[in-house]
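Can you keep this structure in mind? I'll have questions shortly.
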Amino acid sequence: MPKELRTDRTDDVFKQYVIARIERGGERFEVLVKPDAVQQIRDGKDVDLLANLAIDQVFRDAHKGSKASSEKMKEFFETDDPIDVARILIKKGEIQLTTEQRRQMQEQKRRQVVQYIAANAINPQTGTPHPPQRIEIAMEEAKVHVDPFKGLEEQVKEVLDALRPLLPIRFEKARIAVRLSAEDAAKCFGDIRSFGTILKEEWQPNGSWIGVVEMPAGMQTEFLERLNAKTKGNVETKILKADQRI
């Protein structure tokens, strides 16, 4: 069902939504979209775009409420479907942000980058993860600029390049051997699957479980702490070297 843009709440709309815009051949095409949806679409995620538009309408000028010409949309985008055109505008267009919107989105993207690096990277000198705060401090020292609309993985690569002169850092997988009693295995199995991939598992005659779990190296500390908390310390674990077997 088509959305309607309430004219009595125009100011609120422009606080909650951003404008995605493309200008071609003297024509302007704009849509009002939620900022989070822009990031998700540009990160390649599947998004219900209709639910994230202020209205399923392409404008010539969103502030004035003037609609774009269907003929011009067909001419430039080979479709006049507002959702299809909106997706093109969001992926390839210029995003108009207020200063506060840009600040909030940069901070959100910065947190995502820090969390991703903390979960996936280690200090190769110690084999342990870098705490998020250490990563944040190094990013400040390196004067890292975070682009709120650049894809996460692309941005992480750029941030790592900037951090390496300041931090010994490497992306690595960890493999951890785990032995749990039958009772604890039932309690912990969901957590084990959420942290990584089970490479090998075996149920023993007494009901205990033995397995090897692979995960981003930065998550190993949290993983071990989680198992110890859930089993009250009744768990055997061993971090395996690259060529080690159990």
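Can you tell me how many residues within the range 173-197 are within 30 Å of the chain's Cα centre (by Cα) and buried (at least 16 other Cβ atoms within 10 Å of the Cβ)?
9
Does VAL114 satisfy being in a helix (DSSP H, G or I), under 21 Å from the mean Cα position of the chain (by Cα) and hydrophobic (A, V, I, L, M, F, W, C)? Working first, answer last.
Working: in a helix (DSSP H, G or I): yes; under 21 Å from the mean Cα position of the chain (by Cα): yes; hydrophobic (A, V, I, L, M, F, W, C): yes.
Against the criterion (in a helix (DSSP H, G or I), under 21 Å from the mean Cα position of the chain (by Cα) and hydrophobic (A, V, I, L, M, F, W, C)), VAL114 qualifies.
Within the range 65-87, work out how many residues are more than 21 Å from the chain's Cα centre (by Cα) and assigned to a helix (DSSP H, G or I).
Step one: list which residues in the range 65-87 are more than 21 Å from the chain's Cα centre (by Cα), which gives 65-86.
Still in the list and also assigned to a helix (DSSP H, G or I): 70-77, 82-86.
The qualifying residues number 13.
Mind listing whichever residues of the range 68-95 are charged (D, E, K, R) and without any contact (Cβ under 8 Å) to a residue 60 or more places away in the chain?
GLU71, LYS72, LYS74, GLU75, GLU78, ASP80, ASP81, ASP84, ARG87, LYS91
Residues GLU107, GLU141: which one is surrounded by fewer than 17 Cβ atoms within 10 Å (Cβ to Cβ), touching a residue at least 12 places away in the same chain (Cβ under 8 Å) and of a type outside the set (Phe, Trp, Tyr)?
Going through GLU107, GLU141 in turn, just one is surrounded by fewer than 17 Cβ atoms within 10 Å (Cβ to Cβ), touching a residue at least 12 places away in the same chain (Cβ under 8 Å) and of a type outside the set (Phe, Trp, Tyr): GLU141.
Go through (1) more than 20 Å from the chain's Cα centre (by Cα); (2) in the same structural domain as ALA118 (by TED's automatic domain parsing) and name the single condition VAL146 misses.
Failing condition for VAL146: (1).
OK, next. For the list (1) within 30 Å of ILE41 (Cβ to Cβ); (2) surrounded by 13 or more Cβ atoms within 10 Å (Cβ to Cβ); (3) modelled with pLDDT under 95, I need the number of the one condition that GLU153 fails.
Every condition holds for GLU153 apart from (2).
Also: Give me a count of the residues in the range 15-62 that are loosely packed, with under 13 Cβ neighbours inside 10 Å and either modelled with pLDDT of 90 or more or touching a Phe, Trp or Tyr at 6+ places or on another chain (Cβ under 9 Å) (or both).
6
With the requirement that a residue be closer than 23 Å to LEU163 by Cα and assigned to a strand (DSSP E or B), what does the range 88-111 give you?
none
The values are calculated or read from the model by the stated rules, or taken from the named source; none is laboratory data. Given the structure is predicted, the values throughout are model-derived calculations rather than measurements. Heads up, the Cβs are rebuilt from the backbone with ideal geometry, glycines too, and the neighbour counts pull from every protein chain shown.
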